[in-house]
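Shown next, in structure tokens, is the structure this report addresses.
Only the coordinates and a few stated rules stand behind these numbers; no lab work does. All figures in this text were calculated on a predicted structure; none of them were measured in a lab. Cβ placement follows ideal geometry from the backbone for every residue including glycine, while neighbour counts extend to all protein chains displayed.
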Amino acid sequence: MKITIKIFRYNPEQDKKPHYETYKVEAQPTDRILDLLEHIKGNFDGTLSFRRSCAHGICGSDAMRINGRNYLACKALVKDLHSNKITVEPILGMKVIKDLIVDMEPFFEHYRSVKPYFINDEPPPPQERLQSEAAHERFDDTTKCILCACCTSSCPSFWANEEYVGPAAIVAAHRFIFDSRDRAAAERLKILNDQFGVYRCHTVFNCTIACPREIEITQAIGEVKNAIATGKLD
Amino acid sequence: MNKHQFDVVVVGAGGAGLMAALYASKSANIAVLSKLYPTRSHTGTAQGGVGAALGNYEEDHWEWHAFDTVKGSDYLGDQDAIEFMCYEAVQAVYELEHYGLPFSRTPDGRIAQRPFGGHTNNLTGKPVRRACYAADRTGHMILQTLYQQCLKNNVRFYDEFQVVDLLLVNGVTAGVVALELGTGEMHIFQAKAVIFATGGHGRVWDVTSNAYAYTGDGIALAMRRGIPMEDMEFFQFHPTGIYKLGILITEGVRGEGGVLLNGNGERFMEQYAPKVKDLASRDVTSRAMYLEMKAGRGINGQNYLYLDVRPETVNKFAALDGRKRPDGSPYIVTGEEITAKLPDIIDFARTYLGVDPVTQPMPVQPTAHYTMGGIPTNRYGEVVIDAENTVMPGLYAAGECACVSVHGANRLGTNSLLDIIVFGKHAGLKAAEYAKGAGFMTLPEDATDFARSQFDAIRSAQGEENIIKVASEMKAVMMDGVGMFRTDEGMQNALQVVRELRQRYKNIALTDRGKIFNTDLMNLWELGNLLEIAELVTVCALNRTESRGAHARDDFPKRDDANWLKHTLSWVRPDGTIDLDYKPVVITQHQPKERVY
């Protein structure tokens, strides 16, 4: 099938402002958008710039705005878009460095701000710490996060104010807050009980829709809000 | 010029690099350089589990794990290193759990374990549950957990820095040169010790499970600096890649009871591995699949087979095998259980194949997967540069880019994740210890010259060649000639084509002339690495006149222990000639014998 693909372009070394380039390509319905980008880069314009690595939805490099919605370019297939006109743009709310590449540093800064690491200073047992299947299940969903930023860059509250810690950082905090082995839930809840913390979330659900890992993000944020309100972790 | 100085520089931020960083940072001033954001590293795509004889369900011993690894390696693995790894495995997995890794759990709250290819009870020969897992995203959880621990311990990261040269002064490690992708600037990192944890080179082949980033950078730049490579002819094809795309479908699917079926609906692995069937080691299973397809027994005569994990199929064959649950009840699964244990696999199949594995079989074919060979090291991650195992001062390697050798001619499933945590740790410890007693080497004035000359050559090329075309011709000829089954003719042809491609490579004109995020330039540089590696792999494969593990050739179909129970060492000289030498395999207690599964 013939696809018309319109791509956001910006080369800071040449362009005063961004523009769009349109390419016509032959594609299979099962092609990934990433395949089309590689095809264009390899055959039409080697300057087209984007990040990618694993190409199957695990490394989280290629979050992009495709026909107005956030996807990983390697997980969006031509047939899923139900259109032979495709527009590809960088994710919103982050500074564009070049074409589809954005500055990810502020995103990772928010991530680091919630203490996204296991904290438990009690001496560990000689073998594993025991954890019931139910206790593991409690936070299993949020362990799937790949830090692609599809959620945070789809959130209107984040677009309105980039100081908002954002859904991805709250997901990271949730993963530890509800882990029965961790001992720093209170510290993280305090961090998120801030004017740029969880209360910026107005349950728009964009994040949940955008998540390529199908994490119930809005629900996870709700659980963190609830834990702050009640002081309980159940 | 941007100059930095650290006691230890770690190159690569996958599991091996992060583990090395965690340990080295306890006593040394270190930095981690990675061409990707660390959480993008290929460790994250590992699925099924990390091997350790915890025995959480049933009797198991690290000695059994060691023997399975030796047998899996087709007796080419060094047995002292294998024993070391399998012994350390148990504590290493507990350590990951103590870092907070969210392992799946047994009903009594211990780390869950599943069967995997080649993991056996050594007394009965039956499969044993040894793969410790976090659903089917074990690598993802290891990568995230180790990155998180590095953040907790304030490890210094230079993200999106591509290392392009290794600096040696008078035969001693002096640092690395890196290109900052965001600015195009060169940086010199002066270091007492350098740890390479740069991964493998599966992008040499056409159908591959490997990430775009898997271009053998560390191996290529070490061999350009005169470091030998070990056992480069051995490269693993994983039996179950998604048809055409090569995306990995974990062996854990077969661990959970999935079976391979041919076009006649037959469970053909019964013929090739009567005892463990679908859980034979990967080389054996991939070759069986190749032979089935070659004999016209692919699905509809095509070049793929079915991996079937539908509950009715699993239950039918589990009953025939007499498979039991740990409590002694018959092994019967439901669709919900399959979905809970293999969520990512189900997602991949739905997304890329439009197939729901709970109700339909998945079309699969073998896919290029793992680099067994690489930079020779001892069990402490120290790079050793000749047949006498002379240590190269200040240089370390760990993970897929290294060859300890624990994987020999064929890696056992789950031993890659084990390799990165055990040898990553020891490389980190050893490098920090070395740095304590060593000084910085004085760098020459022209420290970036060698790297610059390579990039100048790429930038000044004027020809008409196309990067995609050169890359696809390499991948196709390597798949054909130096893949799962090798013939003299196929390998000779591949060697000739790859050498021609290396000439044509010099005439690929660069389109992007900018400095900021010049991915065109980086892709081209990476292709240069792949081409050099492809040539070396082919030369080593032609040279080894036997079949062993992943290296199978029609003209020498048998393993030849009298002549070939030895590692290949290969040097690429500055003029391009390749010299070969050998070193003996370390055998402690398992004398080579015929390999039957």
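So if we plug the beta-carbon distance of B:THR359 and B:GLU489 into 1/(1 + (r/R0)^6) with R0 = 56 Å, what FRET efficiency do we get, rounded to 0.05?
So the FRET efficiency works out to roughly 0.80.
Ignoring solvent entirely, what values of log10 I(q)/I(0) come out of the Debye formula for the range B:376-530 at 0.15, 0.18 Å⁻¹ when each Cα is a single scatterer?
Each listed q corresponds, in turn, to -1.11, -1.14.
Using unit Cβ charges (K, R positive; D, E negative) and no other charged atoms, how large, in debye to the nearest 20, is the dipole of the range A:15-142 about its Cα centre?
580
Based on the alpha-carbon gyration tensor of the range B:517-597, what equivalent-ellipsoid semi-axes (square roots of 5 times the eigenvalues) come out, in whole Å, largest first?
Three semi-axes, in Å: 32, 15, 13.
Toward the positive end of the charge dipole of the range B:449-578, about the Cα centre and with charges on Cβ (Lys, Arg +1; Asp, Glu -1), which of B:HIS551, B:HIS567, B:THR577 goes farthest?
Final value for the positive-end residue is B:HIS567.
With the cut-off at 1.5 for a/c, could you classify the range B:103-243 from its C-alpha gyration tensor as rounded, prolate or oblate?
prolate
Using a 10 Å Cβ count of at most 14 others and DSSP loop calls, identify the longest part of chain B lacking such GluC sites (Glu not before Pro).
B:465-593
Pairwise over distinct Cα atoms, reciprocal of the mean inverse distance: report the Kirkwood radius of the range A:116-179 in Å, one decimal place. Each step should come with its number before you reach the end.
Values: mean 1/r = 0.0729 Å⁻¹.
Hydrodynamic radius (Kirkwood, Cα pairs) of the range A:116-179 is 13.7 Å.
If the viscosity is 1.002 mPa s and the temperature 20 °C, what translational diffusion coefficient in µm²/s does Stokes-Einstein give for chain A when Rh comes from Kirkwood over Cα pairs? Numbers along the way, then the final one.
On the way: Rh = 19.1 Å.
Value of D from the Cα-based Kirkwood radius: 112 µm²/s.
Which of B:ALA541, B:MET141, B:GLY373 sits closest to the plus end of the dipole of the protein assembly as shown, meaning its Cα is farthest towards the positive end, when Lys and Arg get +1 and Asp and Glu get -1 on the C-beta?
Projecting each Cα onto the dipole axis, the largest value belongs to B:MET141.
I'd like the mean, over residues of A:127-140, of how many other protein chain beta carbons sit within 10 Å of each residue's own Cβ.
Mean partner-chain Cβ count within 10 Å for A:127-140: 6.
Express the relative contact order of the range B:273-372 as a whole percentage, based on alpha carbon pairs under 8 Å and six or more residues apart in sequence.
Numbers: 85 pairs, mean separation 29.1, N = 100.
The value is 29 percent.
Do you know the relative contact order of chain B, to the nearest whole percent, from alpha carbon pairs under 8 angstrom that are 6+ apart?
22
Can you list which of the trypsin sites (Lys or Arg not before Pro) found in the range B:242-288 are DSSP loop residues with at most 16 other C-beta atoms within 10 Å?
Answer by residue number: B:LYS244, B:LYS275.
Please report, ordered by residue number, every helix of chain B (full DSSP H runs) that is 24 Å or longer along its axis going by C-alpha atoms and whose mean Kyte-Doolittle hydropathy reaches 0.0.
B:415-436, B:519-543
Please quote Rg/Rh for the protein assembly as shown to two decimal places, taking the Kirkwood radius as Rh and restricting both calculations to Cα atoms.
With Rh from the inverse mean 1/r over Cα pairs, Rg/Rh is 0.94.
Summarise the partner chain shielding of A:25-31 as one whole number: the mean count of Cβ atoms from other chains within 10 Å of each residue's Cβ.
Mean inter-chain Cβ contacts per residue within 10 Å come to 1.
Using Stokes-Einstein with the Kirkwood hydrodynamic radius over Cα pairs, what translational diffusion coefficient do you get for the range A:2-102 at 4 °C and a viscosity of 1.567 mPa s, in µm²/s rounded to a whole number?
Answer from the Stokes-Einstein relation: 96 µm²/s.
Would you be so kind as to identify all helices of chain A, as entire DSSP H runs, whose Cα atoms reach 18 Å or more along the helix's own axis and whose mean Kyte-Doolittle hydropathy is at least -0.5?
Those that clear 18 Å and a mean of -0.5 are A:217-230.
What's the FRET efficiency of B:ALA476 with A:GLN28 using the Cβ-Cβ distance as r and R₀ = 25 Å, to the nearest 0.05?
The value I calculate is 0.85.
Where the centroid of each part is defined by its Cα atoms, how far is the range B:191-211 from the range A:165-234 in Å?
36
To the nearest 20 debye, what charge dipole does chain B have about its Cα centre, counting +1 at the Cβ of each Lys and Arg and -1 at the Cβ of each Asp and Glu?
720
HN-Hα J couplings of the range B:571-579 from phi, Karplus 6.51/-1.76/1.60, θ = phi - 60°, integer Hz, Gly and Pro as x?
Values, residue by residue: 10, 9, 7, x, 7, x, 6, 10, 9 Hz.
Please work out the Kirkwood hydrodynamic radius for chain B, using every pair of different C-alpha atoms, and report it in angstroms with one decimal place.
24.1
Filter the trypsin sites (Lys or Arg not before Pro) in the range B:1-88 down to the DSSP loop ones having no more than 12 other Cβ atoms within 10 Å, then list what survives.
B:LYS26
For the range A:114-231, what is the charge dipole size about the Cα centre, in debye to the nearest 20, if Lys and Arg each add +1 at the Cβ and Asp and Glu each add -1 at the Cβ?
So the magnitude is around 180 debye.
Could you give the longest part of chain A that holds none of the GluC sites (Glu not before Pro) found in DSSP loops with at most 14 neighbouring Cβ atoms within 10 Å?
A:14-162
Go through B:VAL391, B:ILE338, B:PHE450 and say which Cα lies farthest out towards the positive end of the charge dipole of chain B; charges sit on Cβ, +1 for Lys and Arg, -1 for Asp and Glu.
Towards the positive end, the residue furthest out is B:ILE338.
Quick one: which of A:LYS95/B:LYS35; B:LYS35/B:LYS294; A:LYS75/A:LYS95; A:LYS41/B:LYS35; A:LYS75/B:LYS324 span more than 31 angstrom between C-alpha atoms?
B:LYS35/B:LYS294; A:LYS75/B:LYS324
As an exercise, use a Förster radius of 51 Å and the Cβ-Cβ distance of B:ASP456 and A:GLU214 to find the FRET efficiency, rounded to the nearest 0.05.
So the FRET efficiency works out to roughly 0.60.
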